[in-house]
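To start, the structure under review is shown below, and the notes come after it.
The values are calculated or read from the model by the stated rules, or taken from the named source; none is laboratory data. What you see is a predicted model; the values in this text were computed from it and never measured. Accessible surface areas use protein heavy atoms only, side chains included; no ligands, DNA or RNA. Shrake-Rupley method; radii C 1.70, N 1.55, O 1.52, S 1.80 Å.
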Amino acid sequence: MAGDRWATFDCYGTLIDWNGGIRVELARVFGEEDADARLMRYHELEPSLQLDGNRSYREVMTEAMRRLGAPAGEEAGLAAALPSWQPFPEVRAALEEVRARGWKLAILSNTDRNFIDASLEQIGAPFELVIVASEIGSYKPGHAHWLRFFEETGASRDGHVHVAQSHFHDVVPAHALGLRSIWINRYAEQHELAPTRELRDLSPLPDTLDELVAA
């Protein structure tokens, strides 16, 4: 509804410890000494594998592992591990407080439905809507997630804020769409394009959302 306040979220990296989960698996497959370098290379590979929107996220992860040089039989390791990846410590309490203040929550994720369902169980907080890349044929930083969100909810842009860790996948396209964004900058990154607000984690999120859109 147009009068509702909506917060949309990226999931992996924002709510779920994505880097931590990937690194554990890379260390298992390639060894601890190579894990950081392989993680950096994974981040370079992933956007190109998502570009045309034709691969499921399971296929993206599997092909990325193949290009990283995973031994035969280990290519599917990341996809197999993802459902066990844990949320950051502050996430559940922050989301529960945001909901208690009357916000509606949605996830806009570059993933597949079965992965997000498993991660929602780990997070333990309900969302009104979840939009995943494999069902709309598009990955962020494309705009299709947001366009589908506004189409399905009828939400007002004046009552909406997007919350995410990835500057490339989320903050940049949100800015291009004229949307408010809160960048969860967990790794002290630096980029020229500024979000509406910047936080180190989700602990201050309830107050920050209320500052941006009053009840």
Subject >> Residue with peak Gaussian network fluctuation, the chain [Cα springs, cutoff 10 Å], from Glu25, Glu128, Glu33 >> reply: Glu33
Original post:
Tell me, what is the 1.4 Å probe accessible area of His175, in Å² to the nearest 10?
Top reply: 110
Original post:
Percent antiparallel among DSSP beta bridges with both residues in the chain, to the nearest 5?
Top reply: 5
Original post:
Mind checking the angle between helix 91-100 and the chain's longest principal axis? C-alpha axes, 0 to 90 degrees, to the nearest 10.
Top reply: 20
Original post:
Taking the Cα centre of each part, how many Å lie between segment 178-215 and segment 12-71?
Top reply: 26
Subject >> the chain: angle of helix 57-68 to the longest principal axis, Cα-based, in degrees nearest 10 >> reply: 40
Original post:
Taking square-rooted eigenvalues a ≥ b ≥ c of the alpha carbon gyration tensor, is segment 12-55 rounded, prolate or oblate, where a/c under 1.5 means rounded and, failing that, a/b exceeding b/c means prolate?
Top reply: oblate
Original post:
Percentage of Cα-Cα pair distances in the chain greater than 27 Å, rounded to whole percent?
Top reply: 29
Original post:
Does segment 82-187 come out rounded, prolate or oblate, given a ≥ b ≥ c as the square roots of the eigenvalues of its C-alpha gyration tensor, rounded meaning a/c under 1.5 and, failing that, prolate meaning a/b above b/c?
Top reply: rounded
Subject >> Most fluctuating residue given options Gly53, Gly178, Gly20, as computed from a GNM of the chain linking Cα atoms under 10 Å >> reply: Gly178
Original post:
Given a 1.4 Å probe, how much area per residue of segment 145-215 is accessible, in Å²?
Top reply: 48
Subject >> the chain: calculated mean residue ellipticity at 222 nm from DSSP helix runs of at least 4, using -39500 (n - 2.57) >> reply: -13000 deg cm²/dmol
Original post:
Short version: ³J(HN,Hα) in whole Hz for each residue of segment 117-126, in order, from phi by Karplus 6.51 cos²θ - 1.76 cosθ + 1.60 (θ = phi - 60°), x for Gly and Pro, what are they?
Top reply: 4, 5, 6, 4, 5, 5, 5, x, 10, x
**OP:** Kindly express, to the nearest 10 degrees and within the range 0 to 90, the angle between helix 32-50's C-alpha long axis and the longest C-alpha principal axis of the chain.
**Re:** 60
Original post:
For segment 134-215, what does the alpha-carbon gyration tensor say about shape, rounded, prolate or oblate, given a ≥ b ≥ c as the root eigenvalues, a/c under 1.5 as rounded, and a/b over b/c as prolate?
Top reply: oblate
